Amino acid sequence: MPNAPCLADALARGHLSRRTFVRQALGAGLTLPAIATILAACGRDRPADTGATAELGPIEKELRLYLWSDYLADSTIPDFEREFGVSVTLDTYESNEEMAAKLLAGATGYDVVLPSSYLFPVLFSADLLLPLQRNLLTNWGNLAPMFLDPSWDPGNTHSVPFGWGTTGLAYRRDLVPTPPDSWAVLFDEKFRGKMTMLDDLRDVIGSFLKLRGHSLNSVDPAALAEAKADAIRAKANLKAYVSAPVKAQLVAGDVWIAQLWSGDAAQATTEQAEIAFTIPKEGSMIFADAMVVPRSAPHKRAAHEFMNYILRPEVGAAIADTTGYGTPNQAALPLTRAKTPYPTAEELTRLEYQTDLAENSALWDRIWTEIKAG
Ligand code: SPD
């Protein structure tokens, strides 16, 4: 197995492409934050990317989006294409880690990407993000103050708030007699083979940390060892680790209880009214996802126009109604059917934002590998 200093050296000497470097570095056990730092250091001598602060020209004819799956309304892309005369392509991902690995490996064709807050330090340290031209974001004033100036992007210099949600348990009311109120339900053998958890290390390990009263960002080895043991115990009862695609299994009744994100659970409920969603009493995660433009984006003006379009009240409302996620667009909120209120101060005491784990990512990655192998 190649070692990290050799890989970094080969990258710096130009003997290794970014893509090969990232693949081999992940295989050698390097974490995304470590990989991002090496890539940024090795990129310092390259000429600066164009367009960081330069005036953007007229809108381009194409736009390439790389977003979480099931996060737009049906009308979002066709309406934008029609009005702006832009042809849009959409690629999707199921986890922040999947998206980050692809970007760090040098995927350069994307114009708008949608990371969660905890990924920003990794993207910043790899110097992947374009500073935004706020003068092109004329609908900025529609955003609610509580989503502005976040700690992960002070002043929102590089991101536009898109959506927020929570992680909880979706369950079939008709098949699960007592509504689950604790992460401990995942230990219940009555539901063996009928439960799933997200294919997402932060959500899986984080929920077992919460179960034992710890922060879901804990890096305490003893707390993590306990979470690992709990996760392996629960795994015996799980049908699979699966993220958004579990919706179809809940609807079909093949899965009765699924760890899931709030909006995806709401989407499933529109197809099967017996699906309910709950936040376990021990607490859970709240997340905020925001649009960014990679420095390498080929269509930077179209990217800005798209983000500004998303900030329109009626566009934001259609997205919130279709996806079930909360909108940070306060002008959109009154137009939505669900009117998902912003979390109250009391709810926020039970919810926690995921934060970057920095050098401790290696420990979490190792535990996740052991859980999956266990
Ligand atoms: N289908 C959209 C899912 C969006 C999830 N975003 C963030 C998850 C953080 N763990």
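Roughly how far apart, in whole Å, are the Cα centres of the range 272-343 and the range 104-127?
First find each Cα centre; the distance between them is then 19 Å.
On full extension of the chain, what length is gained from Thr349 through Glu62, given 0.36 nm per residue of separation minus the C-alpha to C-alpha distance? Spell out each step's value before the answer.
Details: separation 287, 0.36 × 287 = 103.32 nm, distance 4.35 nm.
Result: 99.0 nm gained on full extension.
Could you please report the charge total around Ser361, scoring K, R as +1 and D, E as -1 over all other residues with beta-carbon less than 12 angstrom from its beta-carbon?
Numbers: positive: Arg202, Arg366; negative: Glu97, Asp356, Glu359, Asp365.
Residues near Ser361 contribute -2 overall.
Count charges around Met285 for me, please; just the other residues with Cβ under 11 Å from its Cβ, Lys/Arg as +1, Asp/Glu as -1. Numbers along the way, then the final one.
Numbers: positive: Arg202, Lys210, Arg350; negative: Asp200, Asp203, Glu352.
After counting each charged neighbour, the total is 0.
Check Leu129: other-chain or 5+ apart residues with amide H under 5 Å from its amide H, H built from backbone geometry?
Arg295
Quick one: accessible area per residue over the chain, 1.4 Å probe, rounded to a whole number of Å²? It would help to have the intermediate numbers written out before the result.
On the way: 15490 Å² over 374 residues.
Normalised by residue count, the accessible surface of the chain is 41 Å².
Which whole-number percentage describes the relative contact order of the chain, with Cα contacts under 8 Å and a sequence gap of 6 or more? The partial results should precede the final answer.
On the way: 669 pairs, mean separation 95.3, N = 374.
Dividing the mean separation by the residue count of the chain yields 25 percent.
Largest first, what is the accessible-area ranking of His214, His304, His158 with a 1.4 Å probe?
On the way: His214 55, His304 0, His158 30 Å².
The ranking, largest first, comes out as His214, His158, His304.
From the backbone phi of the range 29-39, what are the Karplus-calculated ³J(HN,Hα) couplings (6.51 cos²θ - 1.76 cosθ + 1.60, θ = phi - 60°) in whole Hz, Gly and Pro given as x?
Result, ordered by residue: x, 6, 8, 4, x, 5, 4, 4, 5, 5, 4 Hz.
On a full-extension model of 0.36 nm per residue, what is the gain between Glu55 and Ile232, subtracting their alpha-carbon distance, rounded to one decimal in nm?
Numbers: separation 177, 0.36 × 177 = 63.72 nm, distance 5.31 nm.
Fully extending the segment from Glu55 to Ile232 adds 58.4 nm.
Could you pull the accessible area for Arg192 with a 1.4 Å probe, rounded to 10 Å²?
130
If the cut-off is a Cα-Cα distance under 25 Å, which lysines reach Lys102, setting aside same-chain residues fewer than 8 apart in sequence?
Hits, sequence-local ones excluded: Lys61, Lys300, Lys372.
If you take the C-alpha gyration tensor of the chain, multiply each eigenvalue by 5 and take the square root, what semi-axes do you get, largest first, in whole Å? Don't jump to the answer; show the numbers that get you there.
Values: eigenvalues 217, 159, 60 Å².
Taking √(5λ) for each Cα gyration eigenvalue gives 33, 28, 17 Å.
Going Cα to Cα from Lys210, which lysines come in below 19 Å? Please leave out same-chain ones fewer than 8 positions away.
Lys228, Lys235, Lys281
Indicate the gyration tensor shape class of the range 155-308 (rounded, prolate or oblate), computed on the Cα atoms with a ≥ b ≥ c the square roots of the eigenvalues: a/c under 1.5 is rounded; otherwise a/b larger than b/c is prolate and the rest oblate.
Numbers: a/c = 2.42, a/b = 1.46, b/c = 1.65.
Oblate shape, in that a/c is at least 1.5 and b/c is the bigger or equal ratio.
Run the helix sum for the chain: -39,500 (n - 2.57) per DSSP H stretch of 4+ residues, divided by residue count, reported at 222 nm to the nearest 500 deg cm²/dmol. Spell out each step's value before the answer.
Numbers: 14 runs with 138 residues, N = 374.
Rounded to the nearest 500, the figure is -11000 deg cm²/dmol.
Ignoring ligands, DNA and RNA, please state the percent of accessible area on the chain from carbon and sulfur, probe 1.4 Å. Working shown, then result.
Values: 8370 of 15490 Å².
Answer for the chain: carbon and sulfur cover 54 percent of the accessible area.
Give me the dipole magnitude in Debye, nearest 20, for the chain about the Cα centre, with unit charges on the beta carbon: positive for Lys and Arg, negative for Asp and Glu.
Numbers: 34 positive and 45 negative charges, 116 e Å.
For the chain, the charge dipole is close to 560 debye.
The values are calculated or read from the model by the stated rules, or taken from the named source; none is laboratory data. Treat the numbers as computed from the prediction; the structure is a model and nothing was measured. So basically every Cβ, Gly included, is an ideal-geometry build from the backbone, and we count neighbours across all protein chains shown. These accessible areas exclude ligands, DNA and RNA; they are computed on the full protein's heavy atoms, side chains included. Shrake-Rupley method; radii C 1.70, N 1.55, O 1.52, S 1.80 Å.
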